[in-house]
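Structure record follows, encoded as structure tokens.
The values are calculated or read from the model by the stated rules, or taken from the named source; none is laboratory data. Nothing here was measured: the structure is a model prediction, and the numbers come from that model. FYI the Cβ positions are ideal-geometry reconstructions off the backbone, even for glycines, and counts take in every protein chain you see.
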Amino acid sequence: MTIRLIFSYFFMVSSAAFAVVTVLGLLRFPDVYTRMHAAAVVLTMSAVLMSIGTAIYVWEFFLSIKIMMIGLFFLFSNPMATHAIARASYKRKIALPKEYEIDAYSEYLGRDSDEHS
Amino acid sequence: MNKLVKKTLITAVLAAAAFALYYNFSLLPGYQDLEKGISDYIITYGLHDTGSLNLITAVLYDYRAFDSLGESTVIFGAVSGIVLILSRKMLPVSSKGLSFIVKRTLGIMTPFIALFGFYVITHGHLSPGGGFQGGVILAAISIIFSIVYGSAFDYRRYSPQTKTVLETGGALTFLVIGLAGIVMEGAFLKNLGFLTAERGTLISAGSIPYINIGVGFKVGAGLAIIFYSMIQKTFEEDF
């Protein structure tokens with residue numbers, strides 16, 4: 001086992017650990033927005049780390065470049081999609097945080113924060 | 001009397017059809033084990049016959065190219081039916097689209113999605129993929145334009161007329177290559193001999209890449225037309 005494989009397995013195992021943390025967050029967080037936050041932040045990190053590990057594992061120039069492009073795509077698209085879903089669900093009042101003390105986005109939208117409590 | 005003649009005629013036609021079917025069926029070779037069957041022939045000689053590294057593409061666009069022509073005709077019929085039923089007017093209902101962040105991010109990513117779609121289409125004979133898959137990726141770009149930037153943007157960039165021209169052009173490419181097969185090789189949709197080159201290069205495998213490009217544009221434009229005629233009068237909110 002060369003040092004390259006050790007590096008690749010290190011990245012893959014840490015990516016799997018991040019994925020486990022994602023599942024824990026999805027199961028244990030109280031409401032929609034915190035769950036989305038877990039899926040956005042930690043799952044993006046997990047996918048990027050997994051693509052880095054795979055790119056080191058195959059270790060061939062064009063294949064590694066393609067896998068890294070997939071990782072870059074995840075890095076752009078996953079937070080963007082989470083942002084779009086969270087914003088739409090807030091604006092359509094699908095999921096509203098009832099017990100938050102500070103709700104700045106409602107004030108930004110000009111919505112009365114006591115309206116939906 | 002008339003009824004009896006009619007019944008006799010129907011019975012005769014049915015008997016003739018049954019005999020013809022049975023005669024055709026009896027011409028088929030019996031089932032042999034897998035070593036002597038058609039799949040082993042394709043696995044062994046497919047690369048030599050067609051020059052395509054991807055054997056599924058070789059089957060789809062060389063051995064069974066007539067079947068693929070029928071499939072793309074089915075897509076054409078589906079698009080025509082959906083547009084006939086669902087499209088109420090040709091003017092789009094505009095929406096403001098999603099937020100600024102989504103617009104900027106997709107402005108960066110959309111050219112790469114298009115590049116990936118063309119890559120899947122043009123490398124259909126070398127790697128997994130092909131016309132149908134790459135066409136779906138190209139249709140996703142039109143869906144992204146409609147949802148993220150509003151359907152008026154999509155209408156200005158690629159109007160339904162342009163999509164119709166693209167779809168018809170794809171189907172015509174397929175048919176023209178088939179007719180060229182008649183003229184130059186002697187059979188409909190036969191692989192064109194003068195286009196073969198060294199195996200594994202981008203321009204090789206006879207007429208397979210060109211059929212792939214035609215099918216890709218046809219499927220992409222067709223799915224975009226389906227989506228575009230389905231979203232009318234449904235996207236009015238601003239998320």
Based on what the data block shows, is B:Thr110 more than 19 Å from B:Tyr158 (Cβ to Cβ), within 14 Å of chain A (Cβ to nearest Cβ) and at pLDDT 85 or above? no
Kindly indicate which of B:Lys96, B:Lys103 is under 24 Å from A:Arg87 (Cβ atoms), within 14 Å of chain A (Cβ to nearest Cβ) and at pLDDT below 85. B:Lys96
Against the condition closer than 18 Å to B:Leu223 by Cα, more than 11 Å from chain A (Cβ to nearest Cβ) and at pLDDT below 85, how does B:Val83 come out, does it pass? yes
State which residue pairs qualify: first residue at pLDDT below 85 and inside segment A:24-38, second residue among the hydroxyl-bearing types (Ser, Thr, Tyr) and surrounded by 15 or more Cβ atoms within 10 Å (Cβ to Cβ) in any location, beta carbons under 7 Å apart, and separation of 6 or more residues or different chains. A:Val32/A:Ser89
Tell me the helices (runs of 4 or more DSSP H) entirely within segment A:25-114 that contain at least 2 residues that are among the basic types (Lys, Arg) and over 20 Å from B:Phe116 (Cβ atoms). A:61-91
Every listed condition ((1) loosely packed, with under 15 Cβ neighbours inside 10 Å; (2) closer than 28 Å to B:Lys103 by Cβ) holds for A:Phe62 save (2)
If the requirement is being more than 30 Å from B:Ser99 (Cβ to Cβ) and surrounded by 21 or more Cβ atoms within 10 Å (Cβ to Cβ), which of these qualifies: B:Gly186, B:Gly170, B:Gly181? B:Gly170
When A:Ala40 is evaluated against the numbered criteria (1) surrounded by fewer than 19 Cβ atoms within 10 Å (Cβ to Cβ); (2) closer than 27 Å to A:Tyr105 by Cβ; (3) not aromatic (Phe, Trp, Tyr), which criterion, by number, is the only one it fails? (1)
So which residues in segment B:98-117 are touching a residue at least 40 places away in the same chain (Cβ under 8 Å) and either crowded, with 17+ Cβ neighbours inside 10 Å or hydrophobic (A, V, I, L, M, F, W, C) (or both), if there are any at all? B:Leu98, B:Ser99, B:Val102, B:Leu106, B:Gly117
Number of positions in segment B:148-167 that are in contact with a helix residue (DSSP H, G or I) (Cβ under 9 Å, 6 or more places away or on another chain) and surrounded by 17 or more Cβ atoms within 10 Å (Cβ to Cβ): 11
Across segment B:113-137, what is the total count of residues that are part of a loop (DSSP other than H, G, I, E, B) and away from chain A (no Cβ under 14 Å)? 3
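Starting from residues that are of a type in the set (S, T, N, Q) and at pLDDT below 85, keep the ones in segment B:154-191 and report whichever is nearest to B:Gly222 (Cα to Cα).
This residue is B:Thr164.
Can you confirm whether segment A:70-82 contains a residue that is more than 14 Å from chain B (Cβ to nearest Cβ) and surrounded by fewer than 17 Cβ atoms within 10 Å (Cβ to Cβ)?
Initially, segment A:70-82 is screened for residues more than 14 Å from chain B (Cβ to nearest Cβ), giving none.
No, that holds for no residue.
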